Amino acid sequence: MNGDKKEAHGEFLGRICQALQFNGIKALWVPDRASALEKALSLIKNGDTVGIGGSVTLEEIGLLAALRRGDIKGIKFYDAYQKGLPRDEALSLRHKSLSASIFFSGTNAITEAGELVNMDGFGNRVAALVFGPGRVCVVAGSNKIVRDIPSALSRIKTIAAPLNCRRLGRMTPCRETGVCDEKGCAAPERICNVYSVIRRKPGGADMTVILVAEKLGY
Ligand code: SF4
């Protein structure tokens with residue numbers, strides 16, 4: 001991206017942050033994933049319990065690795081997404097994450113009006129975002145920004161869900177074709193079961209969005 005394009009992109013991200021702030025959500029944009037990681041880590045306090053939602057973005061900025069390595073001392077990390085974790089244990093950690101001190105998540109889409117749109121298979125992520133931990137931090141690449149809620153839902157069905165089904169090896173129609181077959185998708189492994197739109201910051205939450213001027217996640 002040349003200088004002019006970078007400046008225009010920065011101004012655009014600034015406007016999205018203003019829309020989020022208008023909706024009661026703390027928001028800032030950063031130029032790259034390293035800065036996003038630094039900001040995310042700065043939100044964790046000594047003694048915190050930390051929950052996460054499944055997110056390629058959190059992996060890509062290095063937050064998951066930092067939490068798993070134990071880079072931050074004095075915290076307890078509820079790692080519900082370890083490979084090979086028995087289903088009962090994974091579910092138990094997802095339940096614990098709902099009452100963690102702080103919850104980190106990606107998001108499927110952010111509208112230009114500052115709304116967060118998410119679709120879940122289990123619902124643990126949307127539950128945590130809406131009425132879970134007292135502090136919530138959402139990290140999103142600029143590729144997640146869409147015009148409005150219909151565009152967000154379309155993004156989920158045409159990009160996020162098919163790619164996530166492929167990544168997770170889910171036996172759903174979109175995994176094979178890349179196209180949603182809503183009526184034909186009664187698969188137990190379907191990931192489009194629960195969706196939420198956060199129109200404004202939920203009452204009890206302290207919510208921060210870190211927008212990154214990079215393409216991250218699906
Ligand atoms: S409803 Fe099923 S086929 Fe459609 S995007 Fe979701 S998981 Fe894929």
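Just a few scattered comments:
- Any hit, segment 193-200, residues being within 14 Å of the ligand (Cβ to nearest atom), within 22 Å of residue 90 (Cβ to Cβ), surrounded by 16 or more Cβ atoms within 10 Å (Cβ to Cβ) and not charged (D, E, K, R): no
- When residue 215 is tested against (1) assigned to a loop (DSSP other than H, G, I, E, B); (2) more than 20 Å from residue 12 (Cα to Cα), only condition (2) is not met.
- Residue count for segment 168-218, restricted to those that are touching a Gly at 6+ places or on another chain (Cβ under 7 Å) and of a type in the set (D, E, K, R): 6
- Test for residue 144: is it among the charged types (D, E, K, R) and within 22 Å of residue 38 (Cβ to Cβ): yes
Results for (1) at pLDDT below 95; (2) among the acidic types (Asp, Glu); (3) surrounded by 14 or more Cβ atoms within 10 Å (Cβ to Cβ), shown as yes or no for each residue.
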{"site": "8", "(1), (2), (3)": "yes, no, no"}
{"site": "13", "(1), (2), (3)": "no, no, yes"}
{"site": "22", "(1), (2), (3)": "no, no, no"}
{"site": "25", "(1), (2), (3)": "no, no, yes"}
{"site": "30", "(1), (2), (3)": "no, no, yes"}
{"site": "35", "(1), (2), (3)": "no, no, yes"}
{"site": "41", "(1), (2), (3)": "no, no, yes"}
{"site": "46", "(1), (2), (3)": "no, no, no"}
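- Only a single item in (1) free of Cβ contacts under 8 Å to residues at least 12 places away in the same chain; (2) within 16 Å of the ligand (Cβ to nearest atom) is not met by residue 87, and it is number (2).
- Within segment 203-218, the only residue that satisfies the criterion of being modelled with pLDDT under 95 and in contact with a helix residue (DSSP H, G or I) (Cβ under 6 Å, 6 or more places away or on another chain) is 218.
- Condition met for residue 147 (charged (D, E, K, R) and without any contact (Cβ under 8 Å) to a residue 40 or more places away in the chain): yes
The values are calculated or read from the model by the stated rules, or taken from the named source; none is laboratory data. Note that the coordinates shown come from a computational prediction; the quantities given were computed from them, not determined experimentally. Heads up, the Cβs are rebuilt from the backbone with ideal geometry, glycines too, and the neighbour counts pull from every protein chain shown.
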